[in-house]
1. Pairs needed: first member in region 73-92, farther than 15 Å from Val18 by Cβ; second member anywhere, among the hydroxyl-bearing types (Ser, Thr, Tyr) and open to solvent by less than 50 Å² (accessible area, probe 1.4 Å); C-beta distance under 6 Å; at least 6 residues apart or different chains.
2. In region 1-13, what residues are of a type outside the set (Gly, Ala, Ser) and farther than 8 Å from Ala30 by Cβ?
3. Determine which single condition Glu11 fails, assuming it passes every other condition in (1) modelled with pLDDT under 95; (2) closer than 19 Å to Pro144 by Cα.
4. Run down Ala40, Ala48 and say which single residue is free of Cβ contacts under 8 Å to residues at least 60 places away in the same chain, of a type in the set (A, V, I, L, M) and assigned to a strand (DSSP E or B).
5. Taking region 83-106, which residues are closer than 23 Å to Glu42 by Cβ, of a type in the set (Gly, Ala, Ser) and loosely packed, with under 13 Cβ neighbours inside 10 Å?
6. Is there a residue in region 25-47 that is out of contact with any strand residue (DSSP E or B) (no Cβ under 6 Å at 6 or more places or on another chain), surrounded by 12 or more Cβ atoms within 10 Å (Cβ to Cβ) and under 16 Å from Lys153 (Cβ atoms)?
7. Within region 51-101, count every residue that is more than 21 Å from Val140 (Cβ to Cβ) and part of a strand (DSSP E or B).
8. Looking only at region 48-103, count every residue that is farther than 16 Å from Leu159 by Cβ, among the small types (Gly, Ala, Ser) and either under 20 Å from the mean Cα position of the chain (by Cα) or modelled with pLDDT of 95 or more (or both) and tell me the total.
Amino acid sequence: MPLVHGFDPPERFVTGTVGPPGSRTFFLQARSGARLVSVALEKQQVAALAERVDELLDDVMSSDQPASLIPAVAPLGLDDTAPLEQPIEEEFRAGTMTLSWDPADERVVIEVFPFTEAAVVSPEQLDEDIIEPEPDEVLVVRLPPGAARAFVKRSEQVLEAGRPSCPFCGNPIDPDGHLCVRANGFRRRDP
């Protein structure tokens, strides 16, 4: 049986970073009382998770299922702009994540599984039946709709707080400068 880090609901569930823009490490952090769990993940995983949570809540809002009031945006009282809690000790690096809606208690359920090499599938293996090994541990967070919207809002703020994008090429601008191919004489030729 895997070790389950369960939070139903957590007192706090946020995305945060450690390090300067351009070399930040992203974390999901859940806390209930003195119990604190931090899971490292990639920037793209944060963006995908926030987008999917938002879409899931929008789908539930527009469905015919009887559901309590689901806020369209994050409630003001649930804003969380505090930094990650210390100590930040990585439990594991996130791999597969699942997302669902539990209609029985009206909660968003997020499951985060550790990254394993066995979960990486090459294009040649797509048609094969691959048995993924049982994970050693899993983070399971169950969020009420308002807290889920607040999680999305903070995640988007964390993502936007990175390096600014170049207005010409769209690539990130490093603190020590940026060599932009569009602003430095490079010109595309029509085929």
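The values are calculated or read from the model by the stated rules, or taken from the named source; none is laboratory data. The shown structure was predicted, so the numbers you read here are calculated from the model rather than taken from an experiment. Here Cβ is always computed from backbone atoms with ideal geometry, including for glycine, and neighbour counts include all displayed protein chains. Surface accessibility is based on the protein's heavy atoms, side chains included, excluding ligands, DNA and RNA. Shrake-Rupley method; radii C 1.70, N 1.55, O 1.52, S 1.80 Å.
1. From region 73-92, no pairs qualify.
2. Of region 1-13, the ones of a type outside the set (Gly, Ala, Ser) are 1-5, 7-13.
Within region 1-13, Met1, Pro2, Leu3, Val4, Asp8, Pro9, Glu11 qualify.
3. Result: Glu11 passes all but (1).
4. Working: Ala48 fails: assigned to a strand (DSSP E or B).
Going through Ala40, Ala48 in turn, just one is free of Cβ contacts under 8 Å to residues at least 60 places away in the same chain, of a type in the set (A, V, I, L, M) and assigned to a strand (DSSP E or B): Ala40.
5. First pass over region 83-106, keeping only residues closer than 23 Å to Glu42 by Cβ: 83-100.
So of that shortlist, the ones also of a type in the set (Gly, Ala, Ser) come out as 94-95, 100.
Answer for region 83-106, where residues must be closer than 23 Å to Glu42 by Cβ, of a type in the set (Gly, Ala, Ser) and loosely packed, with under 13 Cβ neighbours inside 10 Å: just Ser100.
6. So far as region 25-47 goes, yes, one or more of its residues are out of contact with any strand residue (DSSP E or B) (no Cβ under 6 Å at 6 or more places or on another chain), surrounded by 12 or more Cβ atoms within 10 Å (Cβ to Cβ) and under 16 Å from Lys153 (Cβ atoms).
7. Residues in region 51-101 being more than 21 Å from Val140 (Cβ to Cβ) and part of a strand (DSSP E or B): 0 in total.
8. Number satisfying all stated conditions: 4.
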